[in-house]
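To start, the structure itself, in structure tokens.
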Amino acid sequence: MTAILKYITALVLAAMSLVSCNTDPSLQKYLVDKQEDDRYLKIDLATSLLESNDANLTDDERDILKTVKKVNVVAYPLKDTDLSEYETEKAEVKKIIGQEKYKTLTTMKSGNMNFTLKYLGEEEAIDEVIVFASDNEKGFGVFRLLCDDMRPDQVLKLMNSIERGDLDVSKLSGIGDIFQEM
């Protein structure tokens, strides 16, 4: 009797684990999978490395920066790459960030460059900010900011800090070289 009970318990647990597994591809898994792929440029940064020595950040901007835990960047430069490989990889990222759980903040275009800004979490408590930038002549990049309850207005303030040069994005220079003419 106990052998049957153990067998049934094992079957129930196995069935529950199969049902509860999320088979949707995740951006985190995609980024981890590309860590060993030589076609990609990869950077992982703690946000403490982004504040420049001569930063003129307001207290509010410093508080916003504290909500960002980590920055992951993966870029696929379009050099001597097979164009079909590039299109396949780009389509895979678009499929991942096209899932319903990723909410769109904005999309824009500048020259040949297309930008999509998405987030995970609630509107007043963003857990991840994702920027997908692509240019069919230069390549694409995925910027993922892991956050702790950031708000959309704080994302915009953070972008303004970058534009003013108050955040040191030089650590991202290898990635930025792909998109020099943004």
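Tabulated data
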read-out	value
Length added when fully stretched, E123-M159, from 0.36 nm per residue minus Cα-Cα	11.2 nm
The stretch 79-169 shape via C-alpha gyration tensor axes, a/c threshold 1.5	oblate
Label-point separation in nm, K79 to E100, each point 7 Å along Cα→Cβ	4.1 nm
GluC sites (Glu not before Pro) restricted to DSSP loop in the stretch 59-111 with at most 14 other C-beta within 10 Å	E100
Fraction of accessible area attributable to carbon and sulfur, the stretch 115-165 (%, probe 1.4 Å)	49 percent
Estimated FRET transfer efficiency (V32, D59; beta-carbon r; R0 45 Å; 0.05)	0.80
Neighbour net charge for Y40 - beta-carbon separation under 11 angstrom, K R +1, D E -1	-2
Lysines with Cα under 29 Å of K79, excluding same-chain neighbours fewer than 8 positions away	K29, K34, K42, K70, K90, K94, K95, K109, K118, K138, K171
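The values are calculated or read from the model by the stated rules, or taken from the named source; none is laboratory data. What you see is a predicted model, and the numbers here were worked out from it, not measured in a lab. For neighbour counting, all protein chains shown are included, and Cβ atoms are generated from backbone atoms with ideal geometry for every residue, glycine included. Quick note on the areas: whole protein, heavy atoms, side chains included, nothing else; ligands and nucleic acids left out. Shrake-Rupley method; radii C 1.70, N 1.55, O 1.52, S 1.80 Å.
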